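Structure first, commentary second.
Laboratory data are not the source of any read-out in this text; all were calculated from the coordinates shown. None of these values were measured; they are calculated from a predicted model. All Cβ positions, glycine included, derive from the backbone under ideal geometry; neighbour counts span all protein chains shown.
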Amino acid sequence: MKSYWWKFLGAAIVIYTIIAGLLGEVPALPILHESIRTVYFHVPMWFAMLLMYLISVVYSIKYLGSGKPEDDFIAVESVNVGLIFCLFGLLSGMLWANITWGDPWPNDPKLNSSAIASLMYLAYVVLRNSLDEEQKRGKISAIYNVFAFPIMIVLLFVLPRLTDSLHPGNGGNPGFSGYDMTGSMKWVFRPAVLGWMLIGCWIMTLRYRIRKLEYHTDETGN
Amino acid sequence: MKKIFLLIIMSCFNFLVTFAQSNNGVEMATGLRSSGKIYVVVIVLLIIFIGFIIYLFTIDRRIGKLENKDKNIK
């Protein structure tokens with residue numbers, strides 16, 4: 001039972017946010033109504049995705065230095081899990097946008113740039129699959145990843161702030177204080193971010209371990 | 001020990017949850033909440049999520065077993 005505690009911690013936190021997120025007190029705001037509770041589930045998807053991409057870029061840099069295939073495996077599996085969270089974030093966001101903004105895909109800078117960022121990371125996966133030689137694949141995709149990460153940050157967190165966006169906290173430069181979040185909501189939202197990040201890391205380590213096993217079996221030839 | 005600690009933390013958090021709803025002309029689902037049917041949604045979500053966690057846990061265990069096998073071969 002080596003280090004299972006953080007996996008259960010992540011699960012316990014998300015269970016808490018499901019209970020407190022649906023039953024807890026939320027401010028009564030026009031347009032949003034009860035759909036404000038989506039913020040507990042939609043936004044943590046994006047934060048979990050960000051952490052996955054961050055882990056990926058860190059291990060890509062490590063791989064460029066060390067050349068160990070294990071570092072490359074962590075980098076690629078982090079992107080794979082990050083893409084899943086990105087997909088969930090996009091789908092939940094589209095559903096939420098449909099009822100609050102009246103359109104599943106309004107012409108919002110944050111939506112368009114998140115779509116570009118997703119395509120960029122999909123291109124990373126395509127790039128990897130198109131190269132056969134192991135070391136070349138590792139090196140080229142690691143370099144691509146190092147360039148993709150800062151562009152993703154600019155697309156998601158800088159460009160939408162330069163123009164008007166429907167998302168709160170964009171257009172101008174407010175931090176988190178710009179959100180319509182009351183004190184009790186923060187106590188659900190922040191744990192939710194942490195919980196989903198831990199769940200994301202758990203799934204990533206599972207995928208990484210499978211990939212490592214596959215690599216070993218290929219090596220020993222059985 | 002860790003589990004008991006977690007349980008205490010969880011129950012402390014639950015005290016923070018209040019069921020009161022302020023209404024300033026914005027239509028909220030207070031009626032649904034008072035009739036108690038939101039609990040059904042909460043329980044359904046919990047069943048799905050806990051099931052998902054148990055599933056992940058069994059996958060984790062299986063990979064652990066394979067890793068042990070892999071180690072023994074080498």
Cβ-Cβ cut-off under 12 Å around residue A:59, Lys and Arg +1, Asp and Glu -1: the net charge is -2
Helix-only mean residue ellipticity at 222 nm for chain A, each DSSP H run of n ≥ 4 adding -39500 (n - 2.57), per residue, nearest 500: -26000 deg cm²/dmol
Quick check on the exposure proxy: order A:49, A:185 from fewest to most C-beta atoms within 10 angstrom. A:185, A:49
Calculate the FRET efficiency for residue B:44 and residue A:112 from the Cβ-Cβ distance with a Förster distance of 30 Å, rounded to the nearest 0.05. 0.30
Can you tell me the orientation of helix A:69-100 relative to chain A, as the angle in degrees between its alpha-carbon axis and the longest Cα principal axis, to the nearest 10? 20
Apply the Karplus parameterisation 6.51 cos²θ - 1.76 cosθ + 1.60, with θ equal to phi minus 60°, to every residue of the range A:4-9 and state each ³J(HN,Hα) to the nearest whole Hz, in sequence, with x for glycine and proline. 8, 4, 6, 5, 6, 4
For residue A:143 paired with residue A:218, estimate the spin-label separation in nm (one decimal), with each label point 7 Å from Cα along the Cα-to-Cβ line. 2.1
With springs only between Cα atoms under 10 Å apart, run a GNM on chain A and tell me which of A:45, A:197, A:181 wobbles the most. A:181
So for the range A:1-87, using the alpha carbon gyration tensor with a ≥ b ≥ c as root eigenvalues (a/c under 1.5 gives rounded; past that, a/b versus b/c decides prolate or oblate), I'd call it oblate
Sorted by Cβ neighbour density within 10 Å, fewest at the top, the residues B:47, A:19: B:47, A:19
Listed residue (A:126, A:146, A:105) projecting farthest to the positive dipole end of the range A:99-147, Cβ model: A:146
Efficiency of FRET from Cβ geometry, residue A:35 and residue A:3, R₀ 41 Å, rounded to 0.05: 0.65
Computed lengthening from residue B:61 to residue B:26, 0.36 nm per intervening residue step minus Cα-Cα distance: 7.7 nm
Cut-off under 16 Å on the C-alpha distance; same-chain residues fewer than 8 positions from residue A:136 excluded. Which aspartates and glutamates are left, in chain and number order? A:70, A:71, A:72
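Between residue A:123 and residue A:92, what length in nm is gained on full extension when 0.36 nm per residue of separation is reduced by their alpha carbon distance?
Here the answer is 8.9 nm.
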Tell me, how many Å apart are the Cα centres for the range A:120-156 and for the range B:38-74? 30
Counting pairs of alpha carbon atoms under 8 Å apart in space and at least six apart in sequence, what relative contact order in percent does chain A give? 34
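Work out the mean other chain Cβ neighbour count within 10 Å for the residues of A:23-33 and drop it here as an integer.
Per residue, the number of nearby Cβ atoms from other chains is 5 on average.
Counting Lys and Arg as +1 and Asp and Glu as -1, each charge on the Cβ, what is the dipole of the range A:13-162 about the Cα centre in debye, to the nearest 20? It would help to have the intermediate numbers written out before the result.
Details: 9 positive and 11 negative charges, 56 e Å.
That gives a dipole near 260 debye.
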In sequence order, calculated HN-Hα J values of the range A:116-132 (Karplus, 6.51, -1.76, 1.60; Hz; x Gly/Pro): 5, 4, 5, 4, 4, 6, 5, 5, 4, 5, 5, 4, 4, 5, 7, 9, 8
